[in-house]
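The values are calculated or read from the model by the stated rules, or taken from the named source; none is laboratory data. All values derive from a computational prediction rather than experimental measurement. Cβ sites come from the backbone with ideal geometry, for glycine too, and all protein chains shown count toward neighbours. Surface accessibility is based on the protein's heavy atoms, side chains included, excluding ligands, DNA and RNA. Shrake-Rupley method; radii C 1.70, N 1.55, O 1.52, S 1.80 Å.
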Amino acid sequence: MSLEKPSIQPFTLHIEDSAIADLHARLERTRWPDELDAEPWSYGASLDEMRRMMDYWRLKFDWRAAESGINALAQYKARIENQDIHFIHERGQGPKPFPLLLCHGWPGSFVEMLDIIPLLADPARHGGDPADAFDVIVASMPGYGFSDRPVAPGMTPKRIAERFAGLMAALGYGDYGVQGGDWGASVATWIARQWPERVRGLHLNWIPGSYQPPQGGKEPPFSEAELAFQAAMATAAAHGVSTHVGIHASRPQTLGYGLNDSPVGLAAWLIDKFRMIADCDGDIESAISLDRLFTNISVYWFSETITSAIRLYREARHQPITFAPGERLVVPVGFAAFPGEVAVPPREWVSRVYDIRRWTEMKRGGHFAAMEQPQALAEDIRAFFRPLR
Amino acid sequence: MIEPFQINIDEAVLADLKARLRQTRFAPDFANTGWDYGTNGTYLRELVSYWAEAYDWRKHEAEMNGFAHFRTVIDDVPIHFIHERGRGPKPMPLIMTHGWPWTFWDLQKVIRPLTDPASFGGDPADAFDVVVPSLPGFGFSTPLAVPGVNFSRTAELWMKLMQQELGYRRFAAQGGDFGAFVTAQLGHKHADSVLGIHIHLAGPLGMITGGMPDDSMFGPGEEHWPAQNALFFDQESAYSRLQSTKPQTLAYGLNDSPAGLCAWLLEKRRRWSDCGGDVETRFSKDDLLTSATIYWVTESFGTSARFYAEARRNPWTPAHDRKPVVQAPTAVLLFDKDIVKLPRRWAEGYYNLQRWNVAPVGGHFVPMEEPEILVNDLRAFYRELR
């Protein structure tokens, strides 16, 4: 038994009035760039759309209401390695709730999970079976939301995985499930890889971008579908879908100054990304409500975490998720393939390492599964863990 | 129609700038003394504090107005330029084109030595009539409301400016960075009108969309260049991919936050110059901030970044298939600490290469970093072509 059991304190989110007033003052004095009368969004975020959405943030969005919504969930901070991890911990309502850690990504935050938490913690109230209830833990990655920002380099997804595993242990969970998309899929994969004996199942809605299946040895050559997938990813990259990755992974701090000082700069950076990879045909609100979008953007603004968040790309660059020939993840894996993703990996690509037990072709939804399709994602998570819990 | 122009920024714009600077919400920085994650927070704070409290725009504005400025509109594109007449028996017209993230003011140190060599220890026979335009969408060549203005179209604008508006039938051209592409395009398409071109970035005109020459071309003294080039493309070129695809997304923040704009420009000034990590060995705080202030008060960051997108969307197309591609007599002056350098053997096949020099010191911002080397090389090259 470790003597260094982390201290865990309840947490209530409260942004000072002065910070809200400062945000509004900045929104009032926004100095808009000009724009060509070209196709909207063709050079980046559309000016008309940004003006409309920023009007929403300035005039209609109610931070205090969003804050109360967040505070309706049980939140805590755990002190791990001298840094606070912010997390939501909602106890399941059912005969035998199973613990499940949800891992968010970028440009999301814990806010991604607000809609799916009740579906997983209290299925009976949402048309489900109480036997499927989970104890839901949503932890903010270091440098995201209300977790402390790292103070030293090297906070990679692998180290985040270590902190999250430490958190789960501190909460008394000896074994549990893990779920994630985007960076959360990387963190979840690292947890499963390092502590397979604790992870009963791994559910993913994204395969980490740095994942490379092993090659050589007795590994079979890539199939046509796998080669097509790699080509599709390369084409998407060439068309700017992953342009943000280049700057995040090389000079994130340079970008961060403008985004931390200008709410419209921050909003444009995040909204452009949401719109590009959500399943929305260019209309972001058809996939994610403005209220949720600006709750997420406001969390970045008030916590001043945009720079620490994007620095993760640079930290992660030198620690891709690669495997030696013959190496496999031994944890059972469920994968929800959302059609709106940039490209959906073929099953054989994923199966080279991940032990796929469930593979679901989802009907709709894109990169932000928990925000876009909480019900469908929740049902897939329940079904995957049913035989494993 | 050409009109004289004086720079006179509204007091309200300057007051708003100071107010914004004083309210900067600095992004926290850590473990970044080597600027590996990007612009260092401690230095940025120092610079922004100087900008807000001590920097005097009016002083630099007066210096700028010591030159003769003009504005005109060509093909719906507003063009600002300095036009200084030479003092000598037969000044040669010379158009000098800056790059990104430069402004026209990067040429400030070389204009007078070129127009008036006698006052700077030179020979009046070497005098030039100097034209320094702001690139479309940069500085006072704003607002740019026309799409598709890439470096090739800029070369056409320069032709009209020099021939139709200023009456120079044949002229010399000089440039670095994007300005080198504009200049090389003049030497490619308009070799009959160009006396010669002088560039300090020598790449293929299709480099932005078509790639680089083979590594095997690098010769003696150039052995370390492929590695330097690779380092640039690996570590320093993400800004270029971003500005080539989504300049507008970035512009929201940088047009609204002067500290954010300053950080973006400053990183390039430090990384690309031969400063050994101390940017002030090459640029004073005033140099850095005058450049940033020009971007800020003209609200030109977005359109300047868009120049990359226009280059990418409107790939260079050859005007003829003659060899060498650039037929105008060409001088290449490279600097060993510049970010991207192509081999002489390759340049000999692509340009009508008459002169090739490599300076052991100096980086990317040649006219600010090494004005004397540039001036001397320009005089020597064009002396043969007068």
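Quick one: compute the contact order of segment B:182-304, relative version, from alpha carbon pairs under 8 angstrom and 6+ residues apart, as a percent.
Working: 51 pairs, mean separation 20.6, N = 123.
So the answer I get is 17 percent.
Determine the dipole magnitude for segment B:199-327: charges of +1 sit on the beta-carbon of Lys and Arg, -1 on that of Asp and Glu, nothing else is charged, the reference point is the Cα centre, and the result goes in debye to the nearest 20.
On the way: 13 positive and 16 negative charges, 96 e Å.
Once rounded to the nearest 20, the dipole reads 460 debye.
Considering only DSSP beta bridges with both partners in segment A:64-154, what is the antiparallel share in %, to the nearest 5? Spell out each step's value before the answer.
Working: 10 of 16 bridges.
Given both bridge residues lie in segment A:64-154, the antiparallel proportion sits at roughly 60 percent.
Two decimals, Cα atoms only, Kirkwood Rh: what is Rg/Rh over the protein assembly as shown?
Working: Rg = 28.7 Å, Rh = 28.1 Å.
That ratio equals 1.02.
Tally Lys/Arg at +1 and Asp/Glu at -1 over every other residue whose Cβ is under 9 Å from the Cβ of A:Arg382; what's the total?
Summing Lys and Arg as +1 and Asp and Glu as -1 gives -3.
Output the DSSP H helices from chain A with an along-axis C-alpha extent of no less than 20 Å and a mean Kyte-Doolittle hydropathy no less than 0.0.
Details: long enough: A:224-238 (21 Å, 0.78); A:263-277 (22 Å, 0.95).
Those that clear 20 Å and a mean of 0.0 are A:224-238, A:263-277.
In vacuo Debye scattering of chain B, one point per C-alpha: log10 I(q)/I(0) at q = 0.10 Å⁻¹?
For chain B at q = 0.10 Å⁻¹, log10 I(q)/I(0) is -0.61.
Provide a list, ordered by number, of residues in segment A:225-260 showing at least 50 Å² less accessible area with every protein chain present than when their chain is taken on its own, using a 1.4 Å probe.
Buried-area filter returns A:Thr243, A:Ile247, A:Arg251, A:Gln253, A:Thr254, A:Tyr257.
Using a Cα-Cα cut-off of under 23 Å, which lysines could be cross-linked to B:Lys160, ignoring same-chain neighbours fewer than 8 residues away?
Leaving aside lysines fewer than 8 places away in the same chain, those within reach of B:Lys160 are B:Lys90, B:Lys189.
Excluding ligands, DNA and RNA, what is the accessible area buried between chains B and A, summed over both sides, using a 1.4 Å probe, to the nearest 100 Å²?
Working: alone 15900 and 16860 Å², together 27820 Å².
For chain B against chain A, roughly 4900 Å² becomes buried.
Which pairs break 30 Å Cα to Cα here: B:Lys246/B:Lys341; A:Lys60/A:Lys158; B:Lys18/B:Lys246?
A:Lys60/A:Lys158, as the Cα separations exceed 30 Å there.
Hey, with R₀ at 41 Å, roughly what FRET efficiency would B:Glu53 and A:Ala152 work out to, going by the Cβ-Cβ distance, to 0.05?
FRET efficiency, B:Glu53 to A:Ala152: 0.80.
For segment A:14-118, build the charge dipole from Cβ charges (+1 Lys, Arg; -1 Asp, Glu) around the Cα centre, then report which of A:Met113, A:Met53, A:Pro95 sits farthest towards its positive end.
A:Pro95
Determine the relative contact order of chain A: mean sequence separation of Cα pairs under 8 Å and six or more apart, normalised by residue count, in whole percent. The partial results should precede the final answer.
Numbers: 671 pairs, mean separation 73.5, N = 389.
Relative contact order here is 19 percent.
When the dipole is taken about the Cα centre of segment A:128-252, and only Lys, Arg (+1) and Asp, Glu (-1) are charged at their Cβ, what size is it in debye, to the nearest 20?
Its charge dipole is roughly 520 debye.
Which net charge results when you count Lys and Arg as +1 and Asp and Glu as -1 among the other residues whose beta-carbon is under 13 Å from that of A:Lys363?
Numbers: positive: A:Arg364; negative: A:Asp279, A:Glu361, A:Glu372, A:Glu379, A:Asp380.
It works out to a net charge of -4.
Between segment B:113-150 and segment B:20-82, what is the C-alpha centre distance in whole Å?
Rounded to whole Å, the Cα centres lie 20 Å apart.
Rounded if a/c is under 1.5, else prolate if a/b beats b/c, else oblate: with a ≥ b ≥ c from the C-alpha gyration tensor eigenvalues square-rooted, which is segment A:233-312?
oblate
Give me the percent of the accessible area of chain A that comes from carbon and sulfur atoms, probe 1.4 Å, all protein chains in place. Kindly include the intermediate steps, with their values, before the conclusion.
Numbers: 7190 of 14360 Å².
Exposed carbon and sulfur together represent 50 percent of the surface.
For the pair B:Arg170/A:Arg51, report the inter-label distance in nm, with labels modelled 7 Å from Cα in the Cβ direction.
Going from the B:Arg170 label point to the A:Arg51 one covers 5.1 nm.
Under a Cβ-Cβ cut-off of 11 Å, what is the net charge of the residues other than B:Ala309 that fall near it, where Lys and Arg count +1 and Asp and Glu count -1? Kindly include the intermediate steps, with their values, before the conclusion.
Values: positive: B:Arg241, B:Lys246, B:Arg306, B:Arg312, B:Arg313; negative: B:Glu310.
Spelling it out: positives minus negatives among the neighbours equals +4.
With a 1.4 Å probe and all protein chains in place, put B:Glu267, A:Glu348 in order of accessible area, largest first.
Working: B:Glu267 5, A:Glu348 80 Å².
The ranking, largest first, comes out as A:Glu348, B:Glu267.
For chain B, calculate the relative contact order in percent as a whole number, restricting contacts to Cα pairs under 8 Å that are 6 or more residues apart.
Working: 684 pairs, mean separation 73.7, N = 386.
Dividing the mean separation by the residue count of chain B yields 19 percent.
How far apart, in nm, are the 7 Å Cα→Cβ label points at B:Arg386 and B:Ala62?
Simple spin-label model gives 3.5 nm for this pair.
For labels at A:Ala232 and B:Phe233 in the simple 7 Å Cα→Cβ model, what's the distance in nm?
2.8
List the residues of segment A:8-43 for which accessible area in the full set of protein chains is at least 50 Å² lower than for the chain on its own; 1.4 Å probe, protein heavy atoms only.
Those are A:Arg29, A:Arg31, A:Pro33, A:Asp34, A:Leu36, A:Tyr43, which lose 50 Å² or more relative to the chain on its own.
Using only Cα atoms, locate the centre of segment A:349-378 and the centre of segment B:163-223, then give the distance between them in Å, rounded to an integer.
Here the two parts' Cα centres lie 52 Å apart.
Mind checking which of B:Leu266, B:Met159, B:Leu201 is farthest towards the positive end of segment B:144-273's charge dipole, using Cβ charges of +1 (Lys, Arg) and -1 (Asp, Glu) about the Cα centre?
Of the listed residues, the answer is B:Met159.
Per residue, how large is the accessible surface of the protein assembly as shown? Use a 1.4 angstrom probe and give square angstrom. All intermediate terms of the calculation are to be shown ahead of the outcome.
Working: 27820 Å² over 775 residues.
Computed with neighbouring chains in place, this is 36 Å² per residue.
Can you give the % of DSSP beta bridges in the protein assembly as shown that are antiparallel, to the nearest 5? Provide the component values of the computation, followed by the final result.
Details: 27 of 76 bridges.
Antiparallel bridges make up about 35 percent of those DSSP assigns within the protein assembly as shown.
Is any residue of segment A:78-111 close enough, with backbone N under 16 Å, to a label point placed 7 angstrom from the Cα of A:Ala19 along the Cα-Cβ axis, and if so, which?
A:84-87, A:109-111
For chain A, with a Gaussian network of springs between Cα atoms less than 10 Å apart, report the residue from A:Asp279, A:Asp17, A:Asp182 with the top mean-square fluctuation.
A:Asp17
Once the whole set of protein chains is in place, how much accessible area is left on A:Leu47, using a 1.4 Å probe, in Å² to the nearest 10?
Result for A:Leu47: roughly 20 Å² accessible.
Measuring from centroid to centroid over Cα atoms, what is the spacing of segment A:13-63 and segment B:317-358 in Å?
So the two Cα centres are separated by 47 Å.
Taking the Cβ-Cβ separation of A:Asp283 and B:Glu280 as r and a Förster radius of 51 Å, what is the calculated FRET efficiency to the nearest 0.05? Don't skip to the end; give the middle numbers.
Working: r = 49 Å, r/R0 = 0.96.
Efficiency, rounded to the nearest 0.05: 0.55.
Evaluate the charge dipole of the protein assembly as shown about its Cα centre and quote only its size in Debye, nearest 20, assuming +1 on the Cβ of each Lys and Arg and -1 on the Cβ of each Asp and Glu.
Details: 78 positive and 95 negative charges, 174 e Å.
The dipole magnitude comes to about 840 debye.
Send over the per residue convex hull volume for segment A:196-261, Cα only, as a whole number of Å³. Show your work: numbers first, answer last.
Values: hull volume 12.8 nm³, N = 66.
It is 193 Å³ per residue.
Got a number for carbon plus sulfur as a percent of chain B's accessible area, 1.4 Å probe?
On the way: 6580 of 13450 Å².
Summing carbon and sulfur atoms, their accessible area is 49 percent of the total for chain B.
Report the chymotrypsin sites (Phe, Trp or Tyr not before Pro) located in segment B:1-110 that are in a DSSP loop and have at most 13 other Cβ atoms inside 10 Å of their Cβ, or state none.
Numbers: sites: B:Phe5, B:Phe26, B:Phe30, B:Trp35, B:Tyr37, B:Tyr43, B:Tyr50, B:Trp51, B:Tyr55, B:Trp57, B:Phe67, B:Phe70, B:Phe81, B:Trp102, B:Phe104, B:Trp105; in loops: B:Phe26, B:Phe30, B:Trp35, B:Tyr37, B:Tyr55, B:Phe67, B:Trp102.
Qualifying residues, ordered by number: none.
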